Structure formats: structure tokens, C-alpha cells
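To keep things clear, I will list the structure first and then write my remarks on it.
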Amino acid sequence: MGFELSVVAAIFFLTAMVLGSFSYSMLTTSNEIVSDASEEQYKIQNAKLKTNIEVEDAIAGNYSGTYNLTVTLSNIGSESVYFDELNVLVDGNLEPYTYSDIAATWTPAETRNLTIAGLSGTGTHRVKVVTRNGVSAYSSYTV
């Protein structure tokens with residue numbers, strides 16, 4: 001009976017050691033994943049805080065059923081923005097745009113123009129420009 005008790009105790013001890021080592025490795029891996037995600041979240045929030053744009057002007061071209069809208073934007077933040085990754089909405093509709101600048105990187109204190117072609121409708125409209133990290137600027141214009 002003493003030998004059987006010793007074997008059972010040894011099996012329980014080995015099982016506890018194996019489970020403990022698995023638990024430790026899983027907790028360590030989970031902690032690393034959470035730490036990496038927290039660092040990435042900090043980087044995203046920091047970039048968002050440093051990003052700021054302003055719509056200086058929105059000018060509609062000559063109206064003949066459709067018109068082109070030229071929007072003048074300034075990067076007034078301290079973070080560079082990728083000009084080709086902007087989302088432009090006119091009256092809530094996502095619109096494709098073109099820009100004439102060669103470089104897609106839009107540095108701070110720089111002003112750029114973009115053009116939205118083929119818009120229609122008269123009256124007052126609203127244009128919204130959104131960067132890839134969610135910072136936006138609004139303006140209204142009249143056709």
C-alpha cells in the first residue's frame with residue numbers, strides 16, 4: 001500500500017509540473033501579445049493626435065449639368081499624411097478624386113489641391129476629407 005501511494009503521489013506531482021509549465025508558457029505568450037497590441041495602440045493614438053488637416057477652400061467649377069470641385073487642403077498637424085489614402089465625401093457619398101502632385105506624402109505646413117470630377121446638383125453642398133487614421137475636416141460650398 002505504501003508503494004502505491006508513492007506512485008500516485010509521483011503521478012500527481014508530474015501532472016502538476018507539466019500543467020504548471022504549460023500554464024506558464026501560455027500566460028507568457030498571452031502577455032507578450034497584449035503588450036505588443038498595447039504598443040501598437042499607443043502608436044496609432046499618437047499619430048492621430050499629431051494629425052490635423054484643414055479645408056481652406058472648396059470651389060465648384062462651371063456648372064453645365066455636372067461640375068468639378070477643387071478642394072484646397074492644409075496639413076496643419078505635425079504628422080505626415082499620405083495624400084493618396086484620403087477619403088473624400090461629398091454630401092455623404094464617397095467620391096474618387098485626383099491630385100496633380102507627384103509625391104503622395106503630404107508633409108506638415110504644406111497645402112495641396114484635389115479635384116473631384118463629375119459632381120451634379122445645385123445649391124449648398126458639404127465636403128468632408130478624412131485621413132487614414134480618422135482625422136477629418138469639413139467645408140460647405142455652393143453651386
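Every read-out reported here was derived from the displayed coordinates using simple, explicitly stated rules and does not represent laboratory data. Note that the structure is a prediction, hence the values are computed from the model and not measured. We place every Cβ from the backbone using ideal geometry, glycine too, and count neighbours over all the protein chains shown.
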Net charge of Cβ neighbours under 15 Å - reference Thr111; Lys, Arg +1; Asp, Glu -1: -4
field: Normalised alpha carbon radius of gyration of the range 1-50 [divisor 2.2 N^0.38 Å]
entry: 2.23
Cα centroid of the range 93-143 to Cα centroid of the range 14-73, whole Å: 22
Gain in span if fully extended, Tyr63 to Thr15, counting 0.36 nm per residue against the direct Cα distance: 9.3 nm
- request: Could you please report the charge total around Val127, scoring K, R as +1 and D, E as -1 over all other residues with beta-carbon less than 13 angstrom from its beta-carbon?
  value: -3
query: From the square roots a ≥ b ≥ c of the eigenvalues of the alpha-carbon gyration tensor of the range 29-70, which class results: rounded (a/c under 1.5), prolate (a/b over b/c), or oblate?
result: oblate
message: Below 8 Å between Cα atoms, with a sequence gap of 6+, how large is the relative contact order for the chain in percent?
response: 23
- request: Run down the aspartates and glutamates and flag those whose C-alpha is under 14 Å from the C-alpha of Lys43, throwing out any fewer than 8 positions away in its chain.
  value: Glu79
- prompt: So which lysines can Lys128 reach, going by Cα to Cα under 24 Å and dropping same-chain residues fewer than 8 places off?
  reply: Lys48, Lys50
